[in-house]
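Here the structure is laid out as structure tokens; the discussion comes afterwards.
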Amino acid sequence: MAHSIAQIVATIGPASRSKEIVAKLIENGMDMARLNFSWGTHEEHAADIVTIREAAKNAGRRIPIIQDLSGPRAQDGATHHFDENATTDLTEKDLRDLDFGAKQQVDYVALSFVGNADDVTNLRHEMETRNMHAPIIAKIERTIALKNLDSIIAVADGIMVARGDLGNEVPLEQIPFIQENIIKKSNAAGKPVIVATQMLLSMVENPIPTRAEVTDVAFAIVCGADAVMLSEESAAGKHPAEAVAMMEKIIVEAERHDHTPHPFA
């Protein structure tokens, strides 16, 4: 079976942290594993890292690990939003999580709620003080980030179209066109770009996605996305392995159209 060029990022969580499931995710096409530091303990994340690395070694694959920092978010029950009272993009929790990431030698660090290029530069400084040299993925999920998009792309190593929180800041009908613009600008700068959030959301409960979700994933690839991401589908859903397998099928088909992704280093 053909393997996609564009990559699949799968979030590891309660539904997918067993050795068996992680091995199945890799077999089905997972290329990168995301650990969401908005949830879980360092002990749980450390165990996940061991599992991912062992499964990757057994499969003869390299599966980079993305440490996704939670950033200044205010929790509201099961949901969250950007903390408008925040004075910095890096919280004390983020700095403690960076200490953990440095010790674990994570492969990428994703920065939530980026507002401007200085946020990325500040993170890079904090990483350097910890002898961390992992590439930084800037998550675009605030209106101010859209205004500062060019300068953010210039200093970041990769970009994530984080549609969840972005959808709380702009009218939903604008999301497809904002996404397309971010992808085009990232492509032009030669920076890899990930499209994330709710791509196969119905597969949290169902073994097959909706037709609209299939179209969404394919649209992202045809527009130029270099990676697409599963969040709760793989972290907490009932069908994590099936979600990865379905995403792989969609990408392979979409890549029959002329798009050459920018591979993650």
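The values are calculated or read from the model by the stated rules, or taken from the named source; none is laboratory data. Predicted model only: the values in this text are computed from it and were never measured. Cβ: placed from backbone, ideal geometry, glycine included. Neighbour counts: every protein chain shown.
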For Ala46, the lone unmet condition from (1) over 18 Å from the mean Cα position of the chain (by Cα); (2) closer than 30 Å to Gly115 by Cβ; (3) of a type outside the set (Asp, Glu) is (2)
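What residue, among those in the stretch 22-71 that are of a type in the set (S, T, N, Q) and surrounded by fewer than 22 Cβ atoms within 10 Å (Cβ to Cβ), is farthest from Phe82 (Cα to Cα)? Talk me through it step by step, then tell me what you get.
Filtering the stretch 22-71 down to residues of a type in the set (S, T, N, Q) leaves 28, 36, 38, 41, 51, 58, 67, 70.
Now narrow it down to the ones that are surrounded by fewer than 22 Cβ atoms within 10 Å (Cβ to Cβ): 28, 36, 38, 41, 51, 58, 70.
Details: Asn28: 34, Asn36: 16, Ser38: 12, Thr41: 21, Thr51: 31, Asn58: 39, Ser70: 10 Å.
Only one residue fits best here, namely Asn58.
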Here the qualifying pairs (Cβ atoms under 7 Å; residues six or more apart or on different chains; first in the stretch 42-57 and over 16 Å from Ala102 (Cα atoms); second assigned to a helix (DSSP H, G or I)) come out as Thr51/Lys19; Thr51/Val22; Ile52/Val22; Ala55/Lys19; Ala55/Val22; Ala55/Ala23; Ala55/Ile26; Ala56/Ile26
Criterion first (in contact (Cβ under 8 Å) with a residue 12 or more places away in the chain, over 19 Å from Thr129 (Cβ atoms) and touching a Leu at 6+ places or on another chain (Cβ under 9 Å)) does Asp94 satisfy it? no
Given (1) surrounded by 22 or more Cβ atoms within 10 Å (Cβ to Cβ); (2) touching a residue at least 40 places away in the same chain (Cβ under 8 Å); (3) out of contact with any helix residue (DSSP H, G or I) (no Cβ under 8 Å at 6 or more places or on another chain), Asp107 misses just (1)
- Task: Would you mind stating whether Ala145 is among the aliphatic types (A, V, I, L, M), buried (at least 18 other Cβ atoms within 10 Å of the Cβ), part of a helix (DSSP H, G or I) and at negative phi?
- Result: yes
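Of the residues Val195, Val204, which single one is modelled with pLDDT of 95 or more, within 18 Å of Val252 (Cβ to Cβ) and either surrounded by fewer than 23 Cβ atoms within 10 Å (Cβ to Cβ) or within 18 Å of the chain's Cα centre (by Cα) (or both)?
Val195
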One residue is enough: does the stretch 245-261 have a residue meeting the conditions assigned to a helix (DSSP H, G or I) and of a type in the set (Ser, Thr, Tyr)?
no
Log entry, pairs with first residue in the stretch 2-20 being on the phi > 0 side of the Ramachandran plot and touching a residue at least 12 places away in the same chain (Cβ under 8 Å), second being assigned to a strand (DSSP E or B) and polar (S, T, N, Q), beta carbons closer than 6 Å, six or more apart or on different chains, reads none
Considering the stretch 1-14, residues that are at pLDDT 95 or above and in a loop (DSSP other than H, G, I, E, B), and then whichever is surrounded by the fewest Cβ atoms within 10 Å (Cβ to Cβ), we arrive at Pro14
Within the stretch 64-89, the residues that are out of contact with any helix residue (DSSP H, G or I) (no Cβ under 6 Å at 6 or more places or on another chain) and part of a loop (DSSP other than H, G, I, E, B) are Pro64, Ser70, Gly71, Pro72, Gly77, Ala78, Asp83, Glu84, Asn85, Ala86, Thr87, Thr88
If you go through Val120, Val109, the only one that is under 19 Å from the mean Cα position of the chain (by Cα), within 21 Å of Val228 (Cβ to Cβ) and modelled with pLDDT of 95 or more is Val109
Picked from the stretch 216-244 (must be touching a Gly at 6+ places or on another chain (Cβ under 9 Å) and part of a helix (DSSP H, G or I)), the residue nearest to Gln198 (Cα to Cα) is Glu232
| Does the stretch 114-134 include one or more residues that are within 20 Å of Ser186 (Cα to Cα), part of a loop (DSSP other than H, G, I, E, B) and hydrophobic (A, V, I, L, M, F, W, C)? | yes
Restricted to the stretch 207-223 and to residues being surrounded by fewer than 21 Cβ atoms within 10 Å (Cβ to Cβ) and touching a residue at least 24 places away in the same chain (Cβ under 8 Å), the residue nearest to Lys184 (Cα to Cα) is Cys223
